[in-house]
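Beneath this line is the structure, given in structure tokens, with notes to follow.
Bear in mind these aren't lab numbers, they're just calculated from the coordinates by the rules spelled out. Predicted model only: the values in this text are computed from it and were never measured. When we count neighbours, we look across all protein chains shown, and the Cβ atoms used for this are built from the backbone with ideal geometry, even at glycine.
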Amino acid sequence: HPRVAIVGRPNVGKSTLVNRLLGEERVIAFDQPGTTRDSIEIELEKDGKLYTLIDTAGIRKRGKVWEAVEKFSVIKTLQAIERANVVILVVDADQDIGEQDAHIGGYILEAGRALVVAVNKVDAIDSDKRKDIATDLERKLHFLDFAEFHKISARHGTGIKKMLEGVDGAFAAAMAKLS
Ligand code: GDP
């Protein structure tokens, strides 16, 4: 099944997205005792399908409440990419694309992982400008030929289902390439 790392610059909405994905869905298992650097893997079942989320933001379980603590770490990001077969690169629709986004995107593809770009916070953009922003982003990240782009709002939950379908598709394509 898809092993999904959610990566991106601080403040783009990774934690919000993780929490949105966890939502009320049943969490089957969550930790990886004995692994280095407190990395956490969360298995979740969504619409009858199983995913493993590989955390980069340091999710802690506190009773029934999941809390994501932002701790930007390049090492954690690279480790998560290593362990994933699909990577969701979250970018902020409301901010200019940084060099970091482009670098990390290039790295993900070079590492042979399927790449899904989640353009988050589209709710913060006027609806008539959304199309331009997506086009602009795709242009700036044009070298990410094989990336899929999805406009989402982690806060409101829009576009999440489609994005997960994109993850499924990217995973299937990656598996097909291997066999
Ligand atoms: P992280 O550092 O990448 O984990 O980002 P967070 O999940 O902590 O989010 C950073 C800030 O962006 C918080 O204030 C969130 O409420 C906000 N945010 C996250 N997702 C969205 C979204 O879809 N729309 C809007 N408008 N704000 C968002």
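With the convex hull built on the Cα atoms of the range 100-163, state its orientation-averaged projected area in nm².
Computed as one quarter of the Cα hull surface, the answer is 4.5 nm².
Evaluate the distance, in nm, between pseudo-label points positioned 7 Å from the Cα of Ser179 and of Ala111 along their respective Cα→Cβ axes.
Going by the 7 Å Cα→Cβ label model, 2.5 nm.
Scan around Leu53 for amide H atoms under 5 Å from its own, H built in the peptide plane at 1.01 Å from N, and keep only partners 5 or more places away or cross-chain.
Residues meeting the amide H criterion: Val4, Ile42, Glu43, Leu44.
On full extension of the chain, what length is gained from Glu138 through His156, given 0.36 nm per residue of separation minus the C-alpha to C-alpha distance?
Gain in length upon complete extension: 4.2 nm.
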